[in-house]
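Asker: Provided herewith is a single structure, encoded as structure tokens, for subsequent inquiry.
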Amino acid sequence: AQSVTQPDIHITVSEGASLELRCNYSYGATPYLFWYVQSPGQGLQLLLKYFSGDTLVQGIKGFEAEFKRSQSSFNLRKPSVHWSDAAEYFCAVGPITGTASKLTFGTGTRLQVTL
Amino acid sequence: ETGVTQSPTHLIKTRGQQVTLRCSSQSGHNTVSWYQQALGQGPQFIFQYYREEENGRGNFPPRFSGLQFPNYSSELNVNALELDDSALYLCASSWDRGDEQFFGPGTRLTVL
């Protein structure tokens, strides 16, 4: 069965500092991987996704993620955090096929940004 | 282009009651998926509807049921509500079954 682990429940960084959020997955085949962000009272917004190809994926808002098959990881990074990045971040894994999509999410990492 | 909308925003019910949540998909999208997000947890897949038929279901009991209409909007029905059903219910639509999902803001259900 597929699963996602986000080991860090809560992370605090200073504005301008770099950020890395960890995500480990378990999946039997080549996974489809996603990072979503959720602000309070909001739905989920897709930051980036990995289907195949280049293992370093660029997303919106200056985020990037690197797929490492050997480590079953898909960590999210940002070189310089802004106060508006404070939110809950979710990593998710497919399957995504031509006929179905079922996302399995991790439990999330809450990011706090100090000024 | 209108995004995914959900109604109501908040809802309070008592145990044993029934509830219906609604979702309007983004224009042109024919697939709707529903997720339950309990407090402090990630969303969990309930089911997906494609062109008015169920197209995959997660590990939820039959008292969770759904419907998709010809205009591709959707309803989630939950019968015999239990306290553990208290959660944020998210709807997501996509162009097709295997495509990127766009999420709505969710409906916060509280069961007392």
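The values are calculated or read from the model by the stated rules, or taken from the named source; none is laboratory data. These numbers were taken from a predicted model, which means no experiment stands behind them. Using ideal geometry, Cβ is built from the backbone for each residue, glycine included, and neighbour counts are taken over all protein chains shown. We work out accessible area using only protein heavy atoms, side chains counted, and drop any ligands, DNA or RNA first. Shrake-Rupley method; radii C 1.70, N 1.55, O 1.52, S 1.80 Å.
Asker: What Kirkwood radius, in Å to one decimal, follows from the Cα pairs of the protein assembly as shown?
Answerer: Hydrodynamic radius (Kirkwood, Cα pairs) of the protein assembly as shown is 18.0 Å.
Asker: If you take the accessible area of A alone, add that of B alone, and subtract the area of the pair, what total do you get in Å², probe 1.4 Å, to the nearest 100?
Answerer: In total, chains A and B hide about 1500 Å² from solvent.
Asker: OK, next. What number results when the radius of gyration of chain B, computed over Cα atoms, is divided by 2.2 N^0.38 Å?
Answerer: 0.98
Asker: Quote to one decimal, in nm, the extra length available between residue A:11 and residue A:30 on full extension: 0.36 nm per residue of separation minus the C-alpha distance between them.
Answerer: Here the answer is 3.9 nm.
Asker: Check each of the GluC sites (Glu not before Pro) in the range B:32-112 and keep only those in coil by DSSP with at most 16 other C-beta atoms within 10 angstrom; list them in order.
Answerer: Loop-located and lightly packed - B:52, B:82, B:100.
Asker: Would you mind checking the radius of gyration and Dmax of chain A based on alpha-carbon positions, in Å?
Answerer: 13.7, 46
Asker: Applying the Karplus parametrisation 6.51 cos²θ - 1.76 cosθ + 1.60 with θ = phi - 60° to the phi angles of the range B:61-73, what ³J(HN,Hα) value in whole Hz is obtained for each residue in order, glycine and proline being reported as x?
Answerer: Each residue of the range B:61-73 in turn: x, x, 5, 8, 9, x, 7, 10, 9, x, 8, 6, 5 Hz.
Asker: How much accessible area per residue does chain A have, counting only protein heavy atoms and a probe of 1.4 Å, in square angstrom?
Answerer: Ligands and nucleic acids excluded, the figure is 47 Å² per residue.
Asker: Turning to a different aspect of this structure: For chain A, set up a Gaussian network in which alpha carbons nearer than 10 Å are linked by springs, and say which option among A:63, A:74, A:90 fluctuates the most.
Answerer: With Cα springs under 10 Å in chain A, the top fluctuation among A:63, A:74, A:90 is at A:63.
Asker: Excluding residues on the same chain fewer than 8 positions from residue A:78, give the lysines whose Cα lies under 22 Å from its Cα.
Answerer: Leaving aside lysines fewer than 8 places away in the same chain, those within reach of residue A:78 are A:49, A:61, A:68.
Asker: Also, quick follow-up: If you build a Gaussian network model of chain B, linking Cα atoms that sit under 10 Å apart, which residue out of B:88, B:39, B:21 swings the most?
Answerer: B:39
Asker: Once label points are set 7 Å from the Cα along Cα→Cβ at both residue B:52 and residue A:54, what is their separation, rounded to one decimal in nm?
Answerer: The answer from the label model is 4.4 nm.
Asker: For chain B, with all protein chains present and a 1.4 Å probe, just round the carbon and sulfur fraction of the accessible area to a whole percent.
Answerer: 47 percent
Asker: OK, next. Run through the range B:14-53 and list the trypsin sites (Lys or Arg not before Pro) located in a DSSP loop whose Cβ has at most 14 other Cβ atoms within 10 Å.
Answerer: Answer in residue order: B:15, B:51.
Asker: Sticking with this structure for a sec: In whole Hz and in residue order, list the ³J(HN,Hα) couplings for the range B:40-52 that follow from phi through the Karplus curve 6.51 cos²θ - 1.76 cosθ + 1.60, θ = phi - 60°; x for Gly and Pro.
Answerer: For the range B:40-52, the Karplus-derived couplings read x, 10, x, x, 10, 5, 9, 6, 10, 10, 10, 6, 6 Hz, x marking Gly and Pro.
Asker: For residue A:47, list long-range residues whose amide hydrogen, built 1.01 Å from N in the peptide plane, is under 5 Å from its own amide hydrogen.
Answerer: Under 5 Å from the amide H of residue A:47 lie the amide H atoms of A:35, A:36, A:37, each far enough along the sequence or on another chain.
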